[in-house]
């Protein structure tokens, strides 16, 4: 028999049971005896029937059992960026505990955003997109529960995010209090950052949240220096080619070539900071004796580096769990409000007073 023509009725006729019995065998096994269910499934397997169509079943139940995470980047990036991995780990953990699945939906390379429009999901987590990205309009048109992660704020939708500027200000204050006067900053994507004169709310409409967050971190770091009476001219900003360890290492080489050389470096991500740390070690620069390094994120490798990295911990795994919990609450019809996400400066052995 052609598998494409097989239905519940086909299996019911062959098994000598009702259509409802076949349906229960797949969807409500507790309604049947073990022997009856085994008989139905055996007949179905002999016929080549794989079970009810998942899409049709979702439509009937009005539940897909899946939450989509909308990403600015193409899919491979989701498995390469340590911070995003931590966030998605938290999302997947919370969804898994609730019996839900996770669907990654990229926006880049997505022709006419068909993946967004056709995704069979109960809700979306929109990660680091710009407000005017066409995919955001596609998501909102679905009229499903939405939670945003990053800088994007959508009317009536909860947002999970941190105060990047304030957290980076804490990192700058830490270095100032240690006695540093000459600073280097390592960032990435600066060519896509908005004009500093544009406020963050406006910038969030046109700039992906990742790049806006980097601008906020640099701004907060500079603010700490200004508050301490240190001129912003004492800061050299290096725009790395990517958010990677290799790029961070190359950025440090540029900083070490300056005269005078910075005594402290703030990297806007731990990945860049760990690359800078690797670059310092490979060139014989003592950390923290000759150079202090601070990162941002507190990924797992930050505590395992040599020396362990001082960094801003923003609880990415917890943010992922929170975002998933909020969207599940919305799917269940519960009122949702995102609590404030707090950051904490974790001081480890990569920072110390400048050598006199």
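Reported count of residues in segment 182-199, each being surrounded by fewer than 24 Cβ atoms within 10 Å (Cβ to Cβ), in contact with a helix residue (DSSP H, G or I) (Cβ under 7 Å, 6 or more places away or on another chain) and at pLDDT below 95, is 4. Could you tell me whether residue 224 is in the same structural domain as residue 171 (by TED's automatic domain parsing) and assigned to a loop (DSSP other than H, G, I, E, B)? So residue 224 does not fit the description; no. The sole residue among 297, 329 that is surrounded by 15 or more Cβ atoms within 10 Å (Cβ to Cβ), more than 17 Å from residue 173 (Cβ to Cβ) and either touching a helix residue (DSSP H, G or I) at 6+ places or on another chain (Cβ under 6 Å) or touching a residue at least 60 places away in the same chain (Cβ under 8 Å) (or both) is 297. Could you say which residue among 172, 131 is outside any helix (DSSP H, G or I) and over 19 Å from residue 328 (Cβ atoms)? From the options 172, 131, the qualifying one is 131. Based on what the data block shows, is residue 247 at pLDDT 95 or above, outside any loop (DSSP other than H, G, I, E, B), in the same structural domain as residue 309 (by TED's automatic domain parsing) and in contact with a helix residue (DSSP H, G or I) (Cβ under 6 Å, 6 or more places away or on another chain)? No. If you filter segment 133-163 down to residues that are touching a residue at least 60 places away in the same chain (Cβ under 8 Å), closer than 15 Å to residue 67 by Cβ and under 17 Å from the mean Cα position of the chain (by Cα), you find that the one that is surrounded by the fewest Cβ atoms within 10 Å (Cβ to Cβ) is 158. The single condition from (1) at pLDDT 95 or above; (2) under 25 Å from residue 170 (Cα atoms) that residue 341 fails is (1). Can you confirm whether residue 286 is at pLDDT 95 or above and in a helix (DSSP H, G or I)? No; evaluated as a whole, the condition is false for this residue.
Total residues in segment 263-278 satisfying the condition of being surrounded by 24 or more Cβ atoms within 10 Å (Cβ to Cβ), over 21 Å from the mean Cα position of the chain (by Cα) and part of a helix (DSSP H, G or I): the figure is 2.
The values are calculated or read from the model by the stated rules, or taken from the named source; none is laboratory data. Not measured: the values here are computed from a predicted model. Note that each Cβ is placed from the backbone with ideal geometry, even for glycine, and that neighbours are counted across all protein chains shown.
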